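Since the structure comes first, as structure tokens, the remarks are kept for the end.
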Amino acid sequence: MTRILTHGDRLHQEAVVATIGMFDGVHRGHQTLIDALKQCATQRGLSTAAITFSQHPQHVLRPGGDLRMIMPLNDRITTLEGLGLDYVAVMDFTPELAALSSLDFMRVMQEHYGVKALIVGYNHRFGHDRDATFATYVEQGLQLGIEVLKAPEYLGEYAPVSSTIVRGLIAAGKVDDAAKCMGRPYRLAGEVVHGFHNGRGIGFPTANVGHLDPLVILPHNGAYAVMVEVNGRRMPGMLNVGNRPTFDNGTATSIEVNIFDFDEDIYGLPITLEFIKFLRLEFKLGSIDELRAQLTTDRARSIEILKRHKLI
């Protein structure tokens, strides 16, 4: 069972092989890194630890910027747990931490978490001295008694992959390509809130999803085939991200999901959406009848897609 270390938690009696990064999306590149970490730990008889940050460095160093995350911290921790690590350590990224050299940062990892070996991700950099190379880290590790090793580059079917690439795919609506890069669908969590109730009147009742993490990226406006988790059930559906132009409900972005063959009261409940595939862009239709016909087509196509993915 993975132990989560936060704030002042320390490891004083155990030696670990560690790696460090944001791990946003925990994509296939990250998974390759974790596999290398576990192999190294097994060879040396040590425990495994992934060290991550509660905030993205850009949110601390450039407040007010437009960087959005693939997943919130809790999802990131849960996904890392699922990879079978002994420890996931969550550090608060601060300006003081950002000012540390790579040598001093390695010393912090050693003192806090008993790091005996450090697996450096392919092309990963850390510490204030951004011109440091892998050879620099190896030399600094020798000074501290930390073995520094480089993880292999992910060269699988969906290479190259990075958190930046995945964010770009999601922002473009290419959620199926993002899922291939991550090894799982892109997920968005919120709460069912009251909306305009437009869909019920045309035979497609929708759950309006609110209370979203403001730092998490939203897919491009449009319709999507999705899987929905709510009230302990996982069900198929279709979803729209946008501002409902046919109903002229204003310009605010909303997320509304029609869960197939489902019409229960779920207001106030947490809901999680898995984006499977983009269906179409959002556009204004000439009448409610045209919208109803389009939604009927969207539903049929969504069912076909979800069946093809063996989700229903």
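The table below gives the values:
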| quantity | calculated |
| --- | --- |
| Residue count, segment 151-190 (criterion: among the charged types (D, E, K, R), modelled with pLDDT of 95 or more and not in a helix (DSSP H, G or I)) | 3 |
| Filter result for Tyr158 (closer than 30 Å to Gln39 by Cα, open to solvent by 20 Å² or more (accessible area, probe 1.4 Å) and under 18 Å from the mean Cα position of the chain (by Cα)) | yes |
| Enumeration of residues in segment 275-312 that are without any contact (Cβ under 8 Å) to a residue 60 or more places away in the chain and β-branched (Val, Ile, Thr) | Thr296, Thr297 |
| Residue match in segment 57-66 (condition: under 27 Å from Ala178 (Cα atoms) and either of a type in the set (Asp, Glu) or touching a strand residue (DSSP E or B) at 6+ places or on another chain (Cβ under 7 Å) (or both)) | yes |
| Of all residues making up segment 275-312, the number that are among the hydroxyl-bearing types (Ser, Thr, Tyr), under 18 Å from Pro236 (Cβ atoms) and surrounded by fewer than 16 Cβ atoms within 10 Å (Cβ to Cβ) | 2 |
| Residues (open to solvent by less than 80 Å² (accessible area, probe 1.4 Å), more than 20 Å from the chain's Cα centre (by Cα) and either at negative phi or at pLDDT below 95 (or both)) located in segment 29-49 | Ala36, Leu37, Lys38, Cys40, Ala41, Leu46, Ser47, Thr48 |
| Test: residue in segment 227-235 that is part of a loop (DSSP other than H, G, I, E, B), of a type in the set (S, T, N, Q) and modelled with pLDDT under 90 | no |
| Residues (free of Cβ contacts under 8 Å to residues at least 60 places away in the same chain and under 15 Å from Leu149 (Cα atoms)) located in segment 42-71 | Thr42, Gln43, Thr48, Ala50 |
| Test: Phe126 is assigned to a loop (DSSP other than H, G, I, E, B) and open to solvent by less than 20 Å² (accessible area, probe 1.4 Å) | yes |
| Pair list, Cβ < 9 Å and 6+ apart or interchain, from segment 257-274 residues that are surrounded by 13 or more Cβ atoms within 10 Å (Cβ to Cβ) to residues that are assigned to a loop (DSSP other than H, G, I, E, B) and basic (Lys, Arg) | Glu274/Arg184 |
| So Gly210, is it without any contact (Cβ under 8 Å) to a residue 60 or more places away in the chain, within 30 Å of Gly65 (Cα to Cα) and exposed (fewer than 15 other Cβ atoms within 10 Å of the Cβ) | yes |
| Unmet requirement for Gly29, which otherwise passes all of (1) among the small types (Gly, Ala, Ser); (2) in contact (Cβ under 8 Å) with a residue 60 or more places away in the chain; (3) in contact with a strand residue (DSSP E or B) (Cβ under 7 Å, 6 or more places away or on another chain) | (3) |
| Residues located in segment 50-85, provided they are among the charged types (D, E, K, R) and either open to solvent by 40 Å² or more (accessible area, probe 1.4 Å) or more than 21 Å from Leu37 (Cα to Cα) (or both) | Arg62, Asp66, Arg68, Asp75, Glu81 |
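The values are calculated or read from the model by the stated rules, or taken from the named source; none is laboratory data. Computed from a prediction, not measured in an experiment: that's the story for all the values here. So basically every Cβ, Gly included, is an ideal-geometry build from the backbone, and we count neighbours across all protein chains shown. Surface accessibility is based on the protein's heavy atoms, side chains included, excluding ligands, DNA and RNA. Shrake-Rupley method; radii C 1.70, N 1.55, O 1.52, S 1.80 Å.
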